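The values are calculated or read from the model by the stated rules, or taken from the named source; none is laboratory data. Keep in mind that what you see is a predicted model, and the values were worked out from it rather than measured. The protein model used for the area step is the full one, side chains on, heavy atoms only, and it has no ligands, DNA or RNA in it. Shrake-Rupley method; radii C 1.70, N 1.55, O 1.52, S 1.80 Å.
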Amino acid sequence: MTPDPAIERPGTGAVHRARLAFRRWRRTRPFWAGLWTGLGGFVIFFLPLAPLGKILQIGVGGVAGMSGGVVLMAMALLILLLPSQRHTAGVIAVIAGVASFPLSNLGGLFVGMFLAVLGGSMAFSWLPGKPAGRPRRRRAHEGSAAA
């Protein structure tokens, strides 16, 4: 009995291929660091948002909080799209996260500040993985060399 060609085998669909491609992309960069930094920036940016009349009354404090959130979300994109710049983006993310404490409602009620500092420190400490290679075989003449 031959299998029906109309039935697609599991694992060969477009969704599976897209998931594998995303997994491959994610493993070549500090994905979780960018995610936590972006989420921290999102919290810091949107927490002080209020109707326009309230923002105009708040003044510079509201604008400083929102700009800190924008900087953090930009650093998250930089971490994800340019992993070679992760050290610079990580340091800026930690500084912006700590600066959000006095500038933006206690750093997004501590949640945004914590996520920004966590993501920035993870980005700074991330190292690219080395591809798994074949174990190197010892050649016969390497072991018999005179010392």
Per-residue accessible area for Thr88 at 1.4 Å probe radius, Å² rounded to 10? 80
Which length gain, in nm to one decimal place, applies between Phe114 and Leu127 when the Cα-Cα distance is subtracted from 0.36 nm times their residue separation? 2.5 nm
